[in-house]
Structures are given as structure tokens and as C-alpha cells.
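Reading through the C-alpha cells given below for one structure.
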Amino acid sequence: MRETLILLFGQTIQMFLVLLIAPGIAGITRRVKARFMRRQGAPIIQPYRDLIKLVRKESVVAQNASWLFRSAPYAILAFTWVAAALVPTFASGLMFNWAADALALVALLGAARALLALAGMDVGTSFGGIGSSREMMIATLAEPAMLLVLLTMALTAGTTRLPEVAEFLISAPITVRVSLALALVALIIVALAENARIPVDNPATHLELTMVHEAMVLEYSGRHLAMIEMAAQLKLVLYISLIVCLFLPFGMAPANAGPAAWPVGMAVYLVKLVLGAALLGAWEVSIAKMRVFRVGEFLGGAFVFAFLAILLAFVTREVLN
Amino acid sequence: MTGVDYSTAPQLAILLSGILLYAVAAVFAAMFHRHKSALAAVYPICIIAAAVTAGASLAALLADTHSGFRLPLGLPIIGLHVKLDALSAFFSLIVNLGVLTTAIYGMGLDRDRDLSGRVEPFFPAYALAMNLVLIAGDAFGFLFSWELMSLTSWVLVVSHHRDAGNRHAGHVYLVMAAIGTASLLFAFGGLAGASGNYAFDAIRAVPPGPLVSGLVLAGAIFGAGSKAGIAPLHAWLPLAHPAAPSHVSALMSGVMTKVAIYGLIRIVFDLLGTPVWWWALPFLLLGAATAVLGLLYAVLDHDLKRVLAYSTVENIGIIFVGLGLALAFRASGLTAAAAVAMAATLLHCLNHSWFKSLLFLGAGAVLHATGRRDFDGLGGLIHRMPVTAAFWLVGAMSISALPPFNGFVSEWLLFQAVLAGPQFPEPILRFMSPAVGAMLALAAALAAACFVRAFGIVYLGRPRSNEAAGAHETARPQQVAMALLAGLCLLGGLFGGVMVSAIQPLLQTLAGAPLPAVGTGPTPLSLVAFDAARSIYDAPTIAIFLLISGTLTVMLVHRISSRRTRLGPAWDCGFPDPSPLTQYSASSFSQPLRRVYGSTVFGASETVDMPQPGDNRAARFTVRLHDYAWELLYAAPARAVLRMSERLNALQFLTIRTYLMLMFSALIVLLLIAAVWF
């Protein structure tokens, strides 16, 4: 009973931890980008201020918006939050880590994305439609690539449960595996696309012809916009955590170690997150955004990488076990 | 096989009484088809019959009933066999739940507007025929009921016969149904072999040799697969299913395709003997191609009901992949994996029957309210039909395999089965399973895009026509029918673990083993595929998590936010346009997808006709798509048949002398053949 409570406590910590650090991670990325561009940049806590400002402002809702438009931000945030709470971050084997395996994680994110795309179409403006249409096109390539990456990892570890995958990779002998390298490249491309980062989308632009994510959320304001932004920041944390959990799980507190190992695990996790955010910033200043219709080829590349990865995993599986 | 003393289990007796009630309803409606007040009783009778039959089949499924008897009807000597086992019971449950909900929907139909005088006699007859297919215990009964099912549904397809498009659809459907039945006849001929005993028990006792079983497999896949809508034989389906009245479309797409899958399972998993690994190849290849192709059609189409029909094609592809995996695993002796694949297949049959019926009923409500089913005339219906919109959203999320709804459960199980692929001893299967997994992943993502588009264009935004602007909410019985199906979609999504344990005996029969680790998860409701350390999907826990995080979000935001809301005009980057035509349309939504996938799959080409400056002509933009399946497999043979019949037409205008000459030479040729042969 006591152990259950401890694990539940750990799960609750993670749930609120991801929520608390998400705006900060976005702030770090923006700061790094600014410094690379020789700008001072906003302080790292700026996203927190923005969120509070947005929440305090009144919401302006279009006259012909439906209930879906108003309720979607809550649902999108809830879906993304649950997904982020279930990815192993600082410790594996928390209370509910098992509830959603890798496939369920993809589906939870898919539900959030579908609701966001629907919300973009609700008011009936051309920009909302453009954003939703492009988002779903990107998703048709990014989601299968991500599924294949996760299936590759599941094959390598023999389980679709993310904590077990992480533990397997910690304990397995370190060898260079081609399939894992391919999977990593594919997952990074997917992460860039899903988080609307350069070169697929530019989070800092409102240029009509190139918008994807920003076009979908154009009609949102006030608290609704705050929730959408929060969900986007959570999603970034989720993807960095996922990459870290699958490819650099070292330092994560193991399942049977108990709460004593959590502070170390948390420190390592935060360092990895900050590094990931900084790398993302560096990447974004070093590359230009591509045309929307080149995105298909870019993500098609991710799909092919992921497919090669799973093919190799299938073929070499016998040798490993 | 005469004189076998079968017992008649109570489940079978109740089931038969329900089926008899369908027959009564059909005869009653046929006799009184001119009396509107009498016809009003048809759907209530169907509801009772469906409830009785569904209850009996659920009981038979849970009790793993094996029961049957023989009637002195049908073929001489063999008689007519009636039997009920867990497989029949499972599909009978699908059929009768479908009939139950669509009959409730039918009660709310507008009698004059929906032409139900033509529909009502054949609706129970159609339900009756589908039930008869499932309880047939011999090839004659099976094919007879199969043909009855095709014909009754054909009548329903052409019930709006004044529309030339519907007549064309009915024509293509009839031809395809005839070819499919002929192919099944061929398959059963191979199964019965030289002894010619068409009873299933006799067939099961003597499995055919390897060559014959290959031919039977081909015949079954062609016959039952064309009925189910497998590509590239699918082209009739998006014509015929939407042409019928919407509640019949729901039955055809949601339920009749499952009866076809039942036929396939019955032949391949039950009658054909021990499976060989290569049997799985056509299932995997056709299924994976169908899954992706069906959705690409759907995502580029402009007609609400046709989009749903194409999505049925996709789901049949997923079911085929599941069947192929189950066959391959069973042939390789991996019974646990076979059970996972089979569970995914069966659950997907059930799930698809629910959400596809729901979506078709919703489409019917839209069609009734606006008179339109083309995307370019719809929009903004969430304001005018809020109930339908909410239920349709549930259906759309279920079919896109999004948690916590039921589509995800079968999809999850199927991916777990794919992950067992490296255990295949055959290298071809080991290479194919990741490819199949990739196609399934692609299909899942495309499904989400397809249904975001469909829901967004039909229900969201601003109305694109006056009809859509003046739409009204649908009648109460129709709302009830949709509510039932939406509830089933949610329950099926939450309690996948319970549903899997209910079909354990069936999995034992079909896959050779039950699911290995049902009920060993962290909570009693967890769905566990192989073992709890390997994979768990716990929908109730996730749902509770979603509830908690949703509530927390609402509380947090409302605690610190201003909660002030102002209504204003849409922002639209500062340039809102009052015309609804400036919204994104269905074709603009699918344009990026068409650019990415269309050029290879459909040979899509775009032409822009831009007038020179000073020219007042309107600019034109045209997109050309090729439906290769139709062009190569339907249009080309049809042209060949037409050409040949024109040639043969000359035979009608010969002289008597030439006719006698022809007959005489035919006789000589036949005699020569007989002399050489024997």
C-alpha cells in the first residue's frame, strides 16, 4: 500500500513537473535562437508571463464559432498533458506508466491533433482551413513514421511499454545498431514536424503562405489561446522526453530504486531537456524553412528511414535474441 | 451425412424464432405494402426480432454453443443443414445489432420523402437473408441465402430508381454479385470434391488436396472478397452502398461486408483444413493495398456517403491484414500470436459495424435535413444539427482509431500481432510483416485526415448552400439510434479487455489457442496482448486520466482566468470575407494530400487555364484523376463483353440452312471430344 502511494506520488510529481517546465523549455529554445542571431532575446521566463497575460485577458470568440471551438482547447490540453504525463521522464515504473504504451501515446497525440485541426475549421475562415489541411497532410506522413520508429524500439526491447524499453536500453550492452540510428533520425524529423519547428513550419511567423500551426489557431485568443500554447509547449517537452527516453535513457531512476533515486534522475532529466531545447534552437537558426510542398519529401524521407529501421530490426531480430 | 442426431440448443431455438419474425415482417410488409399504417409496424417488428436474435447469439457466443439440425429441404439426399456455433453467433451478433439500430432509425423516416413503401418489405427480408447465411450448415443453404442477401440488397439499392446514377449502381452491383456468387460456387465445388457432399460437416471431415485448396482459396477470396469490397474488386461498392437509403447503406457497409468476411473465415479457417503459410500472402498483399488505397480514394472524394463507402473498403483491408496474419501465425504454429491477430480481426469487424453504421446514419440525417450529400453544398451543420454532429464526431474519432473509442482497441491489437512478425520461420513473411505494419500505420494516419476533412467540411465552418443553412435536427428515433451506436463505440473502446475475454472460445477454435494473458493486467479491465510485461492498453485508466487532467485544466484556467468572453467577427488575419465560398472547400483541403499521394496512385494531373491580361474569360482549374481499378478491371472487361456480344449479334440473322449446319457441326465436335476423352 505504501509503495503504491509512493508511486502515485511520483506520477503526480511528473504530471505537474512537465506542466511547470514546459514554458521554460520553450523559453530556452527562443533564448538560444536569439543569442545565435546576436540578439539579446527575451528572458527565459517570458513564456510564463505570456501565458499568464493571455489567461487574464478576455477571450474574443468569433460569432459563428460552435461549442467545439470553445471546448477543444481544454480537450487538446488534456490529451497532450496525459500523453506527457505517461512518457517516462525522470523515473521509469511510476504508478501509471504502464497505462499507455507507445502505440497509445501516438494515438493520444493523434486525438489532440485531430481536435486542433477541427477547431481550425470551425469558424470557417480560409486561414483555419489552410492550417488544418496542411497539418493533416504532415500528420499522414509523420504519424506512420513515428509509429514505425516506436515499433522498431519495441522490437528491439521486446515490449511496447516505454519504461521497459528504457530499462532494456540502459541494461543492454552498448553497441552501434544501424536500425536504432535510422530510427533516431526519423524520430527527430518527426519531432520537428509535429512541433511545427523549422524547416517544416516556423513558430515565429504569421506569414500567410507558410503558416501551418499558427494558421489553425489564428482565431483563438485569451485563455483559449493560452491553453493551445501550453499544449504546444507540453508537446515539445514530450517529444524531447521521448527521444531522451528511447535513445539516451541513461540516468533515469530505475523502477525498483524507489524515491531515493528520483532527485538524481530528475537532475539528469532536466539537464537533458535543457540540452535538447538548446540544440533545437541551434538547429533552427542554422537552416531555412522549406516550401510547404517540399515537406512531403522531407517527411517521406523520415518514413523511409523509419521503414528501413523496422525492416532491419525484423531481419536482425533473430541474431539478437 | 443423413441421420445425424443433432441437438437443438435453446439459443438456436430462440435465434430461429427471431429469424422467423423477420420473415413474418417481410411477408406482412409485402402483403400490405399499399397501407401506410400497416407498414408502420414493420420496423417495430424488426426491432423485436433483432433484439431477440442478438440476445440469442450473444448467449450462444458466451456459452460456445454447437448446435444444429437437418431439414428435409434443399438439395436431395443432403437436405438442408442448420447449425449454430460460436463463429456464426459472433457474426449474428454483429448483424442483428446493426439491424436493431438501423430499424430504430427507420422508425423516424419520413414515409413520403424517403420512399419507404419500396424499402419496408425488403428491409426485413434483407435482415433475414443475412441471418440465414450465418446459420447455413451446408453449401447449398449458404449460397442460396447469399444470393437472397444480394438480391434483397439490390432491390434496396435501386429503390430510388428514378435516379440514373442509382440504376447504374444497381446494374454494376448485380453483375458483381453474380460473378462473386459464381466464384463462391466454384470454391464450394472444390471443397465438396468428388464425393459431392455439400454439408459443412462432411467437407470438414475430408479436407481437399494442396492444388484444390489453392483454387478454393482463390475462389473464396474472389467471391467473398468482392462482396466485402477488397481492392481492386471494390469499384462497385462506392456506387452501390451510397445509392441505397441511408439506413440500408449502414447495413450494407457496416454489416453485409462482415457477412462476407464470415464466409471467408468459414471457408478458409474452418472448412479448408490445416492452413499453409502461403495462404496468408494474398490476404496480406490485398489487405495492405486495400487499406491505403481505400483511404486515398476517400480523402479525395466529394460525396459524404461515398467517402464512407470508400472508408469501408479501407477497413475491409485492415480486416484482411488481420486474417492474413492470423493464418500465417497459425500455419507457423505460433498460436498465441494467431489468437492476437484473430482477436484484432474479430473486434475490428464488430467495431467497424458500429462506427460505420453510426456514420452512415448521421450521413442519412444530413441528407434528409439538407437534401444534399456533396461536400460543396454542406457546412456549418453543428449549429443546426448539434446532436447529430456530436454523435458523428464520436463515430469519426472511433474510425480514426483515436482513444478512448473502440477503433483504437482493434488497431492496437493488430499492431501487437505485427510485432510478433519476427518469429515467422518463413523469410517472406518476416519481410512482409513490417511492410504491412507500415501500410497500416499509413492507413491510420490517412483515416484521421479523411475524417477531420469530412467532419470539418460537413459540420463546421459556414453553410455552403441555402439547404445547409436551413437544415433542422433529425427526428428523435434517429437520434436514439445514433446514441446507441455512439454509446457502443465508447463502451467498446473502454472495455476491450472484457470483449476479448468473451470471444476466447471462438479464438480457441479459429486460432488454435485463446489469448494467453487475458485478465493478468494491472487492473481487471486492462487489455493484455501477449503478457503484461510486453504490452498493455488500459483504456479505463487512460479515460480516468483524461477526465482528471481535463477537470484540472478547467479548474486551473477558470481559477486564474478572467472568464470574460466577447463575441466578435472572425479575425481571419484582418480580412474576413462574408462569402462562404472563401472557406476552405473539400477539394482545397485535400489538395496537399493529392499532391503528395495522388500523382502516383491516381495519375493526378492539374491544368490551369489562365487567360491573358485583357481577356475577360474566367480562369479555369481542372484536376484529372484516374481510377485505375475501374478502368482496368471494370470498364475494360465490360467493353470486351460488349464488343463480343456485338460480334455474336450477327448469329441472329442467319438462314435456317446455316443454323442447321452450325448445330450439326457442334454435335460432331462434341462427339469427337467425347470419343477422345473417354
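The values are calculated or read from the model by the stated rules, or taken from the named source; none is laboratory data. All figures in this text were calculated on a predicted structure; none of them were measured in a lab. Virtual Cβ from ideal backbone geometry, glycine too; neighbours counted across all protein chains shown.
Of all residues in the stretch A:175-195 being crowded, with 19+ Cβ neighbours inside 10 Å and at pLDDT below 90, which is farthest from the chain's Cα centre (by Cα)?
A:Ser179
Has the stretch B:58-78 got at least one residue that is polar (S, T, N, Q) and either assigned to a helix (DSSP H, G or I) or under 25 Å from B:Val27 (Cβ atoms) (or both)?
So far as the stretch B:58-78 goes, no, none of its residues is polar (S, T, N, Q) and either assigned to a helix (DSSP H, G or I) or under 25 Å from B:Val27 (Cβ atoms) (or both).
Does the stretch A:297-319 include one or more residues that are outside any helix (DSSP H, G or I), over 20 Å from the mean Cα position of the chain (by Cα) and among the hydrophobic types (A, V, I, L, M, F, W, C)? Walk me through it before giving the result.
Applying the first criterion (outside any helix (DSSP H, G or I)) to the stretch A:297-319 yields none.
No, because not a single residue in the stretch A:297-319 is outside any helix (DSSP H, G or I), over 20 Å from the mean Cα position of the chain (by Cα) and among the hydrophobic types (A, V, I, L, M, F, W, C).
Please work out which one of (1) touching a strand residue (DSSP E or B) at 6+ places or on another chain (Cβ under 7 Å); (2) away from chain A (no Cβ under 14 Å) is the condition B:Ala604 fails and give its number.
Among (1) touching a strand residue (DSSP E or B) at 6+ places or on another chain (Cβ under 7 Å); (2) away from chain A (no Cβ under 14 Å), the lone unmet condition for B:Ala604 is (2).
Determine whether A:Leu150 is assigned to a helix (DSSP H, G or I) and surrounded by fewer than 24 Cβ atoms within 10 Å (Cβ to Cβ). Quick ask: steps written out before the conclusion?
On the way: assigned to a helix (DSSP H, G or I): yes; surrounded by fewer than 24 Cβ atoms within 10 Å (Cβ to Cβ): no.
No.
Go through the residues of the stretch B:430-443 one by one and say whether even a single one is touching a residue at least 24 places away in the same chain (Cβ under 8 Å), within 12 Å of chain A (Cβ to nearest Cβ) and surrounded by fewer than 20 Cβ atoms within 10 Å (Cβ to Cβ).
yes
Evaluate the stretch A:100-120: report whether one residue or more is in contact with a Cys (Cβ under 8 Å, 6 or more places away or on another chain) and either among the aromatic types (Phe, Trp, Tyr) or more than 30 Å from A:Met211 (Cα to Cα) (or both).
Within the stretch A:100-120, not a single residue is in contact with a Cys (Cβ under 8 Å, 6 or more places away or on another chain) and either among the aromatic types (Phe, Trp, Tyr) or more than 30 Å from A:Met211 (Cα to Cα) (or both).
If we keep just the residues of the stretch B:445-472 that are more than 7 Å from chain A (Cβ to nearest Cβ) and under 20 Å from the mean Cα position of the chain (by Cα), which is surrounded by the fewest Cβ atoms within 10 Å (Cβ to Cβ)?
B:Ala454
If I ask for residues that are assigned to a helix (DSSP H, G or I) and more than 9 Å from chain A (Cβ to nearest Cβ), which ones from the stretch B:403-429 would you list?
Scanning the stretch B:403-429 gives B:Asn406, B:Gly407, B:Val409, B:Ser410, B:Leu413, B:Leu414, B:Ala417, B:Ile428, B:Leu429.
Return the only residue of A:Leu248, A:Leu312, A:Leu242, A:Leu299 being touching a Lys or Arg at 6+ places or on another chain (Cβ under 7 Å), among the aliphatic types (A, V, I, L, M) and either without any contact (Cβ under 8 Å) to a residue 12 or more places away in the chain or over 23 Å from A:Tyr48 (Cβ atoms) (or both).
Values: A:Leu312 fails: touching a Lys or Arg at 6+ places or on another chain (Cβ under 7 Å); A:Leu242 fails: touching a Lys or Arg at 6+ places or on another chain (Cβ under 7 Å); A:Leu299 fails: touching a Lys or Arg at 6+ places or on another chain (Cβ under 7 Å).
Going through A:Leu248, A:Leu312, A:Leu242, A:Leu299 in turn, the sole match is A:Leu248.
Assess whether B:Ala369 counts as being surrounded by fewer than 24 Cβ atoms within 10 Å (Cβ to Cβ), assigned by TED's automatic domain parsing to the domain that holds B:Ala532 and over 30 Å from A:Gly158 (Cβ atoms). Before the answer, list the steps.
On the way: surrounded by fewer than 24 Cβ atoms within 10 Å (Cβ to Cβ): yes; assigned by TED's automatic domain parsing to the domain that holds B:Ala532: yes; over 30 Å from A:Gly158 (Cβ atoms): yes.
Answer is yes for this residue.
If we keep just the residues of the stretch A:143-174 that are of a type in the set (Asp, Glu) and more than 19 Å from the chain's Cα centre (by Cα), which is nearest to A:Gly110 (Cα to Cα)?
Among those residues, the one meeting the criterion is A:Glu164.
Since B:Pro516 meets every condition but one in (1) touching a Phe, Trp or Tyr at 6+ places or on another chain (Cβ under 9 Å); (2) outside any loop (DSSP other than H, G, I, E, B), which condition does it not meet?
Only one criterion is unmet by B:Pro516, namely (2).
I'd like to check something: does the stretch A:195-203 contain any residue that is in a helix (DSSP H, G or I) and either in contact with a Phe, Trp or Tyr (Cβ under 8 Å, 6 or more places away or on another chain) or of a type in the set (Gly, Ala, Ser) (or both)?
Taking the stretch A:195-203 first, the residues in a helix (DSSP H, G or I) are none.
Looking through the stretch A:195-203, none of the residues is in a helix (DSSP H, G or I) and either in contact with a Phe, Trp or Tyr (Cβ under 8 Å, 6 or more places away or on another chain) or of a type in the set (Gly, Ala, Ser) (or both).
Can we say A:Thr140 is at the interface with chain B (Cβ under 7 Å from one of its Cβ atoms), free of Cβ contacts under 8 Å to residues at least 24 places away in the same chain and more than 15 Å from the chain's Cα centre (by Cα)?
Details: at the interface with chain B (Cβ under 7 Å from one of its Cβ atoms): yes; free of Cβ contacts under 8 Å to residues at least 24 places away in the same chain: yes; more than 15 Å from the chain's Cα centre (by Cα): yes.
Yes.
Given the options B:Ser398, B:Ser357, name the one that is within 12 Å of chain A (Cβ to nearest Cβ), assigned to a helix (DSSP H, G or I) and touching a helix residue (DSSP H, G or I) at 6+ places or on another chain (Cβ under 6 Å).
On the way: B:Ser357 fails: within 12 Å of chain A (Cβ to nearest Cβ).
Just one listed residue meets the conditions, B:Ser398.
Return a yes/no flag: does the stretch A:225-236 have any residue that is in contact with a His (Cβ under 8 Å, 6 or more places away or on another chain), surrounded by 20 or more Cβ atoms within 10 Å (Cβ to Cβ), more than 14 Å from chain B (Cβ to nearest Cβ) and modelled with pLDDT of 85 or more.
First pass over the stretch A:225-236, keeping only residues in contact with a His (Cβ under 8 Å, 6 or more places away or on another chain): A:232.
Okay, now just the ones that are also surrounded by 20 or more Cβ atoms within 10 Å (Cβ to Cβ), so A:232.
Then keep just the ones that are more than 14 Å from chain B (Cβ to nearest Cβ); that gives A:232.
So of that shortlist, the ones also modelled with pLDDT of 85 or more come out as A:232.
The answer is yes; a qualifying residue exists.
In the list B:Leu660, B:Leu632, B:Leu625, B:Leu593, which residue meets the criterion of being free of Cβ contacts under 8 Å to residues at least 40 places away in the same chain and of a type outside the set (Ser, Thr, Tyr)? Even if it seems obvious, please write down each step before you answer.
Values: B:Leu632 fails: free of Cβ contacts under 8 Å to residues at least 40 places away in the same chain; B:Leu625 fails: free of Cβ contacts under 8 Å to residues at least 40 places away in the same chain; B:Leu593 fails: free of Cβ contacts under 8 Å to residues at least 40 places away in the same chain.
None of the others qualify; the one that does is B:Leu660.
Just checking, which of B:Ala640, B:Ala650, B:Ala629 is closer than 30 Å to B:Leu174 by Cβ, surrounded by 13 or more Cβ atoms within 10 Å (Cβ to Cβ) and more than 14 Å from every other protein chain (Cβ to nearest Cβ)?
Details: B:Ala640 fails: surrounded by 13 or more Cβ atoms within 10 Å (Cβ to Cβ); B:Ala650 fails: surrounded by 13 or more Cβ atoms within 10 Å (Cβ to Cβ).
Just one listed residue meets the conditions, B:Ala629.
Could you tell me whether any residue of the stretch A:145-160 is within 7 Å of another protein chain (Cβ to nearest Cβ) and among the hydroxyl-bearing types (Ser, Thr, Tyr)? Working first, answer last.
Residues of the stretch A:145-160 within 7 Å of another protein chain (Cβ to nearest Cβ): A:147-148, A:151, A:154-155, A:158-160.
Within this subset, residues satisfying the condition of being among the hydroxyl-bearing types (Ser, Thr, Tyr) are A:159-160.
Looking for residues that are within 7 Å of another protein chain (Cβ to nearest Cβ) and among the hydroxyl-bearing types (Ser, Thr, Tyr), one finds at least one in the stretch A:145-160, hence yes.
Among the candidates A:Ala62, A:Ala117, A:Ala42, A:Ala84, single out the residue that is touching a residue at least 60 places away in the same chain (Cβ under 8 Å) and more than 7 Å from chain B (Cβ to nearest Cβ).
Values: A:Ala62 fails: more than 7 Å from chain B (Cβ to nearest Cβ); A:Ala117 fails: more than 7 Å from chain B (Cβ to nearest Cβ); A:Ala42 fails: touching a residue at least 60 places away in the same chain (Cβ under 8 Å).
Checking each option against the conditions leaves just A:Ala84.
Determine, yes or no, whether B:Val366 is more than 11 Å from chain A (Cβ to nearest Cβ), touching a residue at least 60 places away in the same chain (Cβ under 8 Å), of a type in the set (Val, Ile, Thr) and under 30 Å from B:Ser88 (Cβ atoms).
Working: more than 11 Å from chain A (Cβ to nearest Cβ): yes; touching a residue at least 60 places away in the same chain (Cβ under 8 Å): yes; of a type in the set (Val, Ile, Thr): yes; under 30 Å from B:Ser88 (Cβ atoms): no.
No.
Could you look through the stretch B:573-590, keep only residues that are within 7 Å of another protein chain (Cβ to nearest Cβ) and within 35 Å of the chain's Cα centre (by Cα), and pick out the one that is surrounded by the fewest Cβ atoms within 10 Å (Cβ to Cβ)?
So the first thing to find is which residues in the stretch B:573-590 are within 7 Å of another protein chain (Cβ to nearest Cβ), and the list is B:573, B:576, B:580, B:582-584, B:588-589.
Checking the rest, the ones that are also within 35 Å of the chain's Cα centre (by Cα) come to B:580, B:583-584, B:588-589.
On the way: B:Pro580: 17, B:Gln583: 25, B:Tyr584: 24, B:Ser588: 14, B:Phe589: 28.
Within the stretch B:573-590, the match that is surrounded by the fewest Cβ atoms within 10 Å (Cβ to Cβ) is B:Ser588.
Collect the residues in the stretch B:101-152 that are farther than 20 Å from B:Gly79 by Cα, among the charged types (D, E, K, R) and either at pLDDT 95 or above or surrounded by fewer than 24 Cβ atoms within 10 Å (Cβ to Cβ) (or both), keeping them in residue-number order.
Scanning the stretch B:101-152 gives B:Asp110, B:Arg111, B:Asp112, B:Arg113, B:Asp114, B:Arg118.
Only residues that are in a strand (DSSP E or B) and surrounded by 20 or more Cβ atoms within 10 Å (Cβ to Cβ): list them for the stretch B:519-572, please. So that I can check it myself, show each step before the final result.
In the first step, residues of the stretch B:519-572 are kept if they are in a strand (DSSP E or B); the result is B:527-528, B:536-537, B:565-568.
Once the filter is applied, which keeps residues that are in a strand (DSSP E or B) and surrounded by 20 or more Cβ atoms within 10 Å (Cβ to Cβ), the stretch B:519-572 yields B:Leu527, B:Val528, B:Ile536, B:Tyr537.
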